[in-house]
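Engineer: Structure incoming, see below.
The values are calculated or read from the model by the stated rules, or taken from the named source; none is laboratory data. Owing to the predicted nature of the structure, the values given are computational and were not obtained by experimental measurement. Every residue, glycine as well, gets a Cβ built from its backbone with ideal geometry; the counts of neighbours run over all protein chains shown. Accessible surface areas use protein heavy atoms only, side chains included; no ligands, DNA or RNA. Shrake-Rupley method; radii C 1.70, N 1.55, O 1.52, S 1.80 Å.
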Amino acid sequence: MKKRTLAALCISLAAAGLAGCGGGGSSEAPKADGGQTQADDKGEAKEDGGKLIIYSPLTESMIDSMLSMFEEDTGIDAECLAMGTGDALKRIQTEADNPQADILWSGTIGTVKNQSEYFADYTCVNEDAFYDEYKNVEGNLTRFDTVPSVIMVNTELIGDIEINGYEDLLNPELKGKIAFADPAASSSSFEHLVNMLYAMGEGNPENGWEYVRQFCQQLDGKLLGGSSAVYKGVADGEYTVGLTFEQGSAQYVGAGAPVKTIYMEEGVIFRGDGAYIIKGCPNEKNAQIFLDWLTSQEVQEYMNNTQYRRTIRKDVPSGDVMVSMEDIHVIEDDETDTAEHKAEWLEQFKDIFTE
């Protein structure tokens, strides 16, 4: 496992032209007063358990900067092993009798919900500040941001092709030029699959499969291995468009890269993204401190403004490179139904893709 450092991040962000390295963080630990975090006593927190071990599909830059902030704010050492959500869930299941990590950091609720038996109950101290739809009503599924599915477009490659939504991806000129990851390995791709089923099925996912069949033909046999391959592929010019999540595109927009973010005109689902304490983990108290810290106002502002992750707190406005939710055609799915059908829909997608 690689220890992340803020110094390395600052160098990489300077090279990429990204702003905000450490700009939203504080060298002082956020306090419990005002409903932020319980990590007041750094020494006590550090002595309570060992090094916090985290599995995460998040971008390397976000992991680096935020874990450095966490260590500085709380005195708790933390390490992260980066992997896709699907791989992390398989690993957590395999290790269930002897957990090797404390937290799964990120993974949309729709992806994690049907394996929630592997996560421990905990309600963080900041729940009252959350929008109602993102509160932890299940007991063990803490949201820390909300993730809309988006289309990322390379503006140097797109030419005169107009992209406003899913239907435009069926343009014959885009065949083989669309980046999409295997939805069995990538939670963002699974959420896009759900989004297109509901959007193109006009609210009935069963009516969306004909569009999925046409979309798969446009992939021309190319299916990527993870979420990062999608947004990196578009930003690097390997693909003209990609189906990704908001942060994947917004981070490049914020850096001034030749890309733009499209919120599908047919409708966009906003999915709660979570941080989950692994049941029976070695450092449960420190894991709880991490969730309290992550959902505090100060950290949410930093995450929202420098990491381009849309907050779930009512007292933190959306970032500058994000379109206001009021200007997006927002649609909803039945989250419970989606979780129940996940395995079936993944198998159906696989069958269509391999036809």
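A quick yes/no check of all residues on (1) modelled with pLDDT under 50; (2) open to solvent by 30 Å² or more (accessible area, probe 1.4 Å); (3) over 15 Å from Met303 (Cα atoms); (4) not in a loop (DSSP other than H, G, I, E, B):
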residue	(1), (2), (3), (4)
Ile11	yes, yes, yes, yes
Ala14	yes, yes, yes, yes
Leu18	yes, yes, no, no
Glu28	yes, yes, yes, no
Lys31	yes, yes, yes, no
Glu47	yes, yes, yes, yes
Leu67	no, no, no, yes
Phe70	no, no, no, yes
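Engineer: Which of the following residues is touching a residue at least 12 places away in the same chain (Cβ under 8 Å), surrounded by fewer than 23 Cβ atoms within 10 Å (Cβ to Cβ) and at negative phi: Glu173, Glu210?
Structural biologist: The match here is Glu173.
Engineer: With the requirement that a residue be assigned to a helix (DSSP H, G or I) and under 14 Å from Ile277 (Cβ atoms), what does region 87-106 give you?
Structural biologist: Ala88, Ile92
Engineer: Here is a check on your reading of the model: is Lys90 at negative phi, in contact with a helix residue (DSSP H, G or I) (Cβ under 7 Å, 6 or more places away or on another chain) and of a type in the set (Lys, Arg)?
Structural biologist: no
Engineer: Please go through region 286-317 and pick out each residue that is under 16 Å from the mean Cα position of the chain (by Cα) and among the small types (Gly, Ala, Ser).
Structural biologist: none
Engineer: Which of the residues spanning region 145-170 are open to solvent by 10 Å² or more (accessible area, probe 1.4 Å), in a helix (DSSP H, G or I) and in contact with a helix residue (DSSP H, G or I) (Cβ under 7 Å, 6 or more places away or on another chain)?
Structural biologist: Leu170
Engineer: Further question: In region 83-121, which residue that is at pLDDT below 95 and among the charged types (D, E, K, R) is surrounded by the most Cβ atoms within 10 Å (Cβ to Cβ)?
Structural biologist: The qualifying residue surrounded by the most Cβ atoms within 10 Å (Cβ to Cβ) is Lys113.
Engineer: Counting just the residues of region 330-355 that are among the β-branched types (Val, Ile, Thr) and in a helix (DSSP H, G or I), which one comes out modelled with the highest pLDDT?
Structural biologist: Ile352
Engineer: Taking the conditions exactly as written (modelled with pLDDT of 50 or more and either within 18 Å of Asn283 (Cβ to Cβ) or within 19 Å of the chain's Cα centre (by Cα) (or both)), does Gly43 satisfy them or not?
Structural biologist: In short, no.
Engineer: Still on this structure, I have one more. Being open to solvent by less than 20 Å² (accessible area, probe 1.4 Å), touching a strand residue (DSSP E or B) at 6+ places or on another chain (Cβ under 7 Å) and among the small types (Gly, Ala, Ser) narrows it down to one residue among Ala287, Ala339; which is it?
Structural biologist: Checking each option against the conditions leaves just Ala287.
Engineer: Something else about it: For a quick check of your reading of the model, give me the residue pairs whose first member lies in region 77-92 and is under 13 Å from Ile63 (Cβ atoms) and aliphatic (A, V, I, L, M), whose second is open to solvent by less than 10 Å² (accessible area, probe 1.4 Å) and not in a strand (DSSP E or B), with beta-carbon atoms closer than 8 Å and at least 6 apart or on different chains.
Structural biologist: That search, which allows pairs on different chains as well, returns Ala78/Leu67; Ala78/Phe70; Ala78/Phe290; Leu81/Ala101; Ala82/Ile63.
Engineer: Continuing with the same structure: If we keep just the residues of region 301-327 that are open to solvent by less than 40 Å² (accessible area, probe 1.4 Å) and not in a loop (DSSP other than H, G, I, E, B), which is nearest to Arg271 (Cα to Cα)?
Structural biologist: Checking each candidate, the answer is Arg310.
Engineer: Shifting gears a bit: Do we have any residue at all in region 128-138 that's open to solvent by 10 Å² or more (accessible area, probe 1.4 Å), of a type in the set (Gly, Ala, Ser) and touching a helix residue (DSSP H, G or I) at 6+ places or on another chain (Cβ under 9 Å)?
Structural biologist: Scanning region 128-138, I find at least one residue that is open to solvent by 10 Å² or more (accessible area, probe 1.4 Å), of a type in the set (Gly, Ala, Ser) and touching a helix residue (DSSP H, G or I) at 6+ places or on another chain (Cβ under 9 Å), so the answer is yes.
Engineer: Pull out all pairs, ordered by first then second residue, where Cβ-Cβ is under 6 Å, the residues are six or more apart or on different chains, the first lies in region 290-311 and is charged (D, E, K, R), and the second is surrounded by fewer than 23 Cβ atoms within 10 Å (Cβ to Cβ) and assigned to a helix (DSSP H, G or I).
Structural biologist: Within 6 Å, no pair qualifies.
Engineer: Inside region 277-316, can you point out the residues that are among the charged types (D, E, K, R) and farther than 19 Å from Ala96 by Cα?
Structural biologist: Result: Asp292, Glu298, Glu301, Arg309, Arg310, Arg313, Lys314, Asp315.
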